[in-house]
1. Please work out the FRET efficiency for the pair residue 165 and residue 186, using the Cβ-Cβ distance as r and a Förster radius of 30 Å; give the result to the nearest 0.05.
2. Any idea how far apart residue 343 and residue 393 come out in nm if each label point goes 7 Å out from Cα toward Cβ?
3. Mind checking the full-extension length gain between residue 314 and residue 241? Use 0.36 nm per residue of separation minus the Cα-Cα distance, one decimal, nm.
4. Which of rounded, prolate or oblate describes region 316-415 when judged by the alpha-carbon gyration tensor and an a/c cut-off of 1.5?
5. How would region 102-311 be classified by its alpha-carbon gyration tensor: rounded, prolate or oblate, with rounded meaning a/c under 1.5 and the a/b versus b/c comparison settling the rest?
6. Would you mind checking 241/345; 241/335; 284/390; 141/165; 131/308; 193/390 for any pair whose Cα atoms are more than 24 angstrom apart?
7. At a probe size of 1.4 Å, how large is the accessible area of residue 209, to the nearest 10 Å²?
8. Pairs of Cα atoms under 8 Å, at least six residues apart: use those to get the relative contact order of region 316-415, whole percent.
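The values are calculated or read from the model by the stated rules, or taken from the named source; none is laboratory data. Please read all numbers here as calculations on a predicted model, not as lab measurements. Using ideal geometry, Cβ is built from the backbone for each residue, glycine included, and neighbour counts are taken over all protein chains shown. For the accessible areas, the whole protein counts, side chains as well, though only heavy atoms, and no ligand, DNA or RNA atoms are used. Shrake-Rupley method; radii C 1.70, N 1.55, O 1.52, S 1.80 Å.
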Amino acid sequence: MSGILRRFGLFRAAAVAGFGSAVLCCSDYDRFRISVAVRVPRPLPDFLWLTCPTLFDSQCLLFSHKSGIDALYSYRDSPVPSSDVSGSVDDKSKPNDYIGRDTISNAAAKVAPAVVNISIHQDFFGIASGKSIGSGTIINKDGTILTCAHLVVDFMGTRGSTKGKIEVTLQDGRKFEGKVVNVDLHSDIAIVKINSETPLPEAKLGSSSRLRPGDWVIAVGCPLSLQNTVTHGIVSCVDRKSSDLGFSGMPREYLQTDCAINVGSSGGPLVNMDGEIIGVNMMKLAAADGLGFSVPIDSVSKIIEHFKRSGRVIRPWLGLKMLDLNEMIIAQLKKQDASFPNVTKGILVPMVTPRSPGERAGFCPGDVVIEFDGKPVERVKEVIEILGDKVGVPIKVVVKRKGDQLVTLSVIPEEANLDI
């Protein structure tokens, strides 16, 4: 059965299957013109109206996911055969861009075999003192496992030390002893290695740079040692600043989601609808539902590259407090001080740390960075990307000062001492 929809608002479709019949209904609003042809070979499932469950996690502030969303359309393609649904839409939206019956389960099936349960048996002077549990993901068939650092090392020391014997359990029940290979306490990322005589299942790393708020994601982990528990939700924020969460020190960014997660899900993967890892689940806000945070996989990939090159993450330090400028901030600063540089964009330096590379280079509070290492810059993130792991290498920086004075400085980054 086919119908023509001429008056269209919020598209609500309800299909009642009777081996070849369907009913379409919509609200009255004269804006779009759509022709839709639908053939239903069997009853349409009720998955078109999804309600996300609520979960809670604890280890190191863990994460959580709670949401109640009526889902008809999303950003991914549906597995429903194109022969069953066809149509043309004037606003260029794809008629098959919706969460299908198998979309989430297919994504989970791709990554689940590589998700492992990690348990650490702790002892105090030879006396068993408990066990901590968490999750991880095999990212290489050789047994390389990506997880979070707070699960496998003790944060009490400045460098971190292994908590105890690490036991890794695969989905098929096989158990291995794990060894911590690399740890970065600042990002809370760790690499654990297990040895197997046969190739192991591995998960594919995706990209977090193209994520948008509202994108569907799933979290896979082993809460309370329950292997491969899958929960789903959306991306709430793609660049949640560590300062927003009350963290001091070097800035970090997290993916914020409302995925449901419980104790033991720390270190598990955040996965897109293609079954690719786009984050490592890290923490949740205490006494809050639906506020979980993950380290973006693009940041994790850079950390892994550092591990491969030098066995640790090298972070350059300039000793400069930096702030992205926008029209509102510029207008406010101009109102406070008419001599503030005439700029429309750039990076403000409100503070310079004494005896830092920035002070030695001649930076002054109030400078506006407009060029860094020969490249125009507008955001602090761009400066961080340009810096990379450059330590001890002079970098030319162009700043604009009061009275629109242009000054070229040469700064030599030092390696950050995160133990202080």
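1. Details: r = 26 Å, r/R0 = 0.85.
Using R0 = 30 Å, I get an efficiency of 0.70.
2. Taking the two extended label points, one gets 2.4 nm.
3. Values: separation 73, 0.36 × 73 = 26.28 nm, distance 2.07 nm.
In short, 24.2 nm is gained.
4. Details: a/c = 1.96, a/b = 1.66, b/c = 1.18.
In terms of gyration-tensor shape, prolate.
5. Numbers: a/c = 1.45, a/b = 1.17, b/c = 1.24.
Rounded.
6. On the way: 241/345 20 Å; 241/335 28 Å; 284/390 33 Å; 141/165 22 Å; 131/308 30 Å; 193/390 29 Å.
241/335; 284/390; 131/308; 193/390, as the Cα separations exceed 24 Å there.
7. Accessible surface of residue 209 is approximately 90 Å².
8. Numbers: 206 pairs, mean separation 32.3, N = 100.
With pairs under 8 Å counted, the relative contact order is 32 percent.
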